[in-house]
Amino acid sequence: MQLHKRHLTLLLAVISVAFIFISYQRGMKADVAGDYYIYWQTGKHFLSGEKLYTPGLVDGGFTYPPFAALFFSLFSAFPFHISAFVFTYLVNYGLWMASIFLTKNIFELYYPQSNTTWPLILAFLFSIGFYWHNYIWMNANLPVLCLTLLGIRHYQQKKFGLSYVFFMAGTFFKITPVLFLAFAAIKRGPKDWPKIILIALPFIIIPALLRGWPTGLNDWQGYYAAFVAPFSKGQIDENIISLGIPALLEKLDTGNAAVGLSPLFHLSPSILKTIILYFQIIVMGALTAKFVYDRYVKKEEAFSAADYSLIFLVTLLLPGRVWAHHHVCAIFIYTYVFHTLIHEKRTVLLVVTCVLCLLTDVISKAIIGQTLTDVFKFYSFITVVMIWMFILCITLNMPGKRKYALSAV
């Protein structure tokens with residue numbers, strides 16, 4: 001075992017050195033039209049007191065909360081390409097590795113009597129495509145993922161205050177971890193709600209103090225106008241590569257003449273928007289009801305790995321803006337699903353799931369050709385796989401199996 005750990009450490013060291021050079025090349029080729037330039041420029045604007053948000057931009061502009069702008073200001077101290085190199089290596093490589101080890105630690109605590117090595121290896125291999133997409137396009141999903149995983153880890157250890165801090169930091173970096181925080185508040189009950197509110201204050205006050213109160217208040221108004229308002233009204237990113245159920249339904253309703261795919265539905269925009277809204281409400285209502293039932297009827301404050309997987313999946317299936325790089329959290333979902341299928345010796349389901357996950361890594365014209373790539377993207381194949389994962393997480397967590405899932409918590 002000691003020899004194995006030494007080999008693993010040596011391998012990680014070699015990979016880390018290699019990624020210094022890979023990250024340098026990527027940083028030097030960073031594009032001013034890419035997402036990272038928006039992050040870098042916003043960091044500069046945060047320090048200079050300039051406007052952070054411009055509602056109505058075609059590319060969306062900067063759409064993260066002000067706390068994220070504070071984070072990016074740390075990188076804006078460097079010239080753009082040097083900053084891109086530092087960000088790519090420390091954040092998109094460093095936190096990639098950190099997320100793997102955090103996931104490993106979480107599942108070792110959930111299943112102390114089981115060997116989680118193979119499920120984690122499979123999850124790592126099948127999520128590489130998402131991680132690489134996040135890395136090569138210099139997106140900012142890994143701080144959010146790692147903060148969420150840290151929140152999960154501390155909740156497991158019943159260090160609830162620290163758990164709220166990490167969930168809150170993730171929420172004020174990018175809104176999606178608010179679901180983990182909200183469901184934790186349901187599980188813990190009203191006794192913890194004042195603490196949660198107090199923990200939120202520094203994430204609001206510190207950026208506002210650094211920017212000055214009038215500017216800080218304007219930042220929140222800008223954030224609302226640039227991101228919250230349009231998506232709360234049902235906005236969906238219209239692109240063949242858009243993912244999530246709302247984008248899939250819209251593509252099926254409008255078709256794509258450029259790739260020769262006709263509409264499957266013929267609904268008016270208002271009817272389609274209503275259907276999507278009702279679907280989102282039903283799914284969120286059902287998940288909320290489950291956690292309320294667990295807490296107040298079954299007296300369970302703990303979350304199972306399936307519970308957390310379902311929350312991650314909701315963030316990938318329901319929003320109007322979902323891209324491939326958002327799926328870095330698939331490593332957690334996959335680890336749970338593969339562990340359960342292996343533990344229960346569900347060989348057929350395991351093989352089918354592995355094939356589906358493998359296909360998400362080969363959606364590239366260099367591998368399957370342009371025509372098949374367009375078809376896979378139009379029908380949001382990655383979203384179809386996440387729907388499959390959602391179904392598995394529900395069925396594998398049916399009553400009778402839940403005791404095993406919560407035994408170590």
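The values are calculated or read from the model by the stated rules, or taken from the named source; none is laboratory data. Since the model is a prediction, treat every value here as computed from it, not as a measurement. Backbone-built Cβ (ideal geometry, glycine too); neighbour counts: all protein chains shown. To get the accessible areas, we keep the full protein, side chains included, count just its heavy atoms, and leave off ligands, DNA and RNA. Shrake-Rupley method; radii C 1.70, N 1.55, O 1.52, S 1.80 Å.
Just want to confirm a number: the relative contact order over the stretch 178-266, from Cα pairs under 8 angstrom separated by 6+ residues, in percent. Intermediate values should be presented prior to the final figure.
Numbers: 34 pairs, mean separation 9.6, N = 89.
After rounding, I find 11 percent.
Sorted by accessible area with a 1.4 angstrom probe, largest first, how do 4, 325 fall?
Output order, biggest surface exposure first: 4, 325.
Rounded, prolate or oblate: pick one for the chain, where a ≥ b ≥ c are the square roots of the eigenvalues of its C-alpha gyration tensor, a/c under 1.5 means rounded, and failing that, prolate if a/b is larger than b/c, else oblate. Numbers along the way, then the final one.
On the way: a/c = 1.17, a/b = 1.11, b/c = 1.05.
It comes out rounded by the Cα gyration axes.
Counting only protein heavy atoms, what percent of the accessible surface of the chain is carbon or sulfur at a 1.4 Å probe?
Values: 13680 of 19230 Å².
Of all accessible area on the chain, carbon and sulfur atoms account for 71 percent.
Using Cα positions and a limit of under 16 Å, work out the lysines in reach of residue 233, with same-chain residues fewer than 8 apart set aside.
Partners within reach: 273.
Among 333-345, 5-17, how do they line up by average Cβ neighbours within 10 Å per residue, starting with the highest?
Working: 333-345: 21.7, 5-17: 10.5.
Going by the mean number of other Cβ atoms within 10 Å, highest first, we get 333-345, 5-17.
Among 174/377; 104/298; 187/298, which pairs are too far apart, with a Cα-Cα distance over 21 Å?
Values: 174/377 25 Å; 104/298 28 Å; 187/298 11 Å.
Beyond 21 Å: 174/377; 104/298.
What are the residues whose amide H is under 5 Å from the amide H of residue 256, where those residues sit 5 or more places off or on another chain and H is modelled from the backbone?
261, 262
Compute the accessible area per residue over the chain, keeping the other protein chains in place, probe 1.4 Å, unit Å².
On the way: 19230 Å² over 409 residues.
The answer is 47 Å² per residue.
Given the -39500 (n - 2.57) contribution per DSSP H run of 4+ residues, what per-residue ellipticity at 222 nm results for the chain, rounded to the nearest 500 deg cm²/dmol?
Numbers: 21 runs with 280 residues, N = 409.
Estimated from H runs of four or more residues: -22000 deg cm²/dmol.
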